[in-house]
Amino acid sequence: MNPELQRCVEEIRIAFNASPNVRRHRLPVRIAKEVQTLAQAKKAVKNEHTGFYGLFSPRSKRFVFGIQEESQTAVGEKAKKRLGKRWHYDFEVRKIRYRNAADFNEGLKKKGNEGT
């Protein structure tokens, strides 16, 4: 985090912790805009696609079986091998985003580590 943005965040913390009366006042527009951009940047990173696809369960709203492949057809082949022909009735192939890291016990794959 750059020093100016860090200073702005500290100003916000001080303003909100000072007293209930301070909370009613609006923050300076410059600080509010910078904090908003920081929040948007964090959100954008979480929504970024990892480059892999996985098997998603709409019922539990999670990625299941730890399958991570670079193509949708490869995920389908692994699912068919593990679950049989009717896998596509209960599961979907979806892009894996960084926010879905908690669904994988072994963690997300990196682009250079396909063999692991």
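The values are calculated or read from the model by the stated rules, or taken from the named source; none is laboratory data. This structure is a prediction, so every number in the text was calculated from the model and none was measured. Here the Cβ positions follow ideal geometry from the backbone for every residue, glycine too, while neighbour counts run over all protein chains shown. Heads up: the accessible areas ignore ligands, DNA and RNA and are worked out on the full protein's heavy atoms, side chains in. Shrake-Rupley method; radii C 1.70, N 1.55, O 1.52, S 1.80 Å.
Against the empirical 2.2 N^0.38 Å (N residues), the stretch 54-116 has a Cα radius of gyration ratio of 1.06.
Rounded to 0.05, the FRET efficiency of the Gln6 and Glu106 pair, given R0 = 41 Å and the Cβ-Cβ distance, is 0.75.
Mind scanning Lys46/Lys110; Lys61/Lys81; Lys78/Lys109; Lys61/Lys95; Lys85/Lys110 and naming the pairs with a C-alpha gap bigger than 18 Å? Can you show the working numbers first?
Values: Lys46/Lys110 15 Å; Lys61/Lys81 22 Å; Lys78/Lys109 16 Å; Lys61/Lys95 13 Å; Lys85/Lys110 29 Å.
Violating the 18 Å Cα-Cα cut-off are Lys61/Lys81; Lys85/Lys110.
Normalised per residue, the accessible area of the stretch 42-105 is 69 Å², obtained with a 1.4 Å probe and no contribution from ligands, DNA or RNA. For trypsin sites (Lys or Arg not before Pro), the sites in the stretch 40-87 that DSSP calls loop and that have at most 12 other Cβ atoms within 10 Å are Arg59, Lys61, Lys85, Arg86.
Under the simplified labelling scheme, the Lys85-Ser60 pair shows an inter-label distance of 2.6 nm, with each label point 7 Å from Cα along Cα→Cβ.
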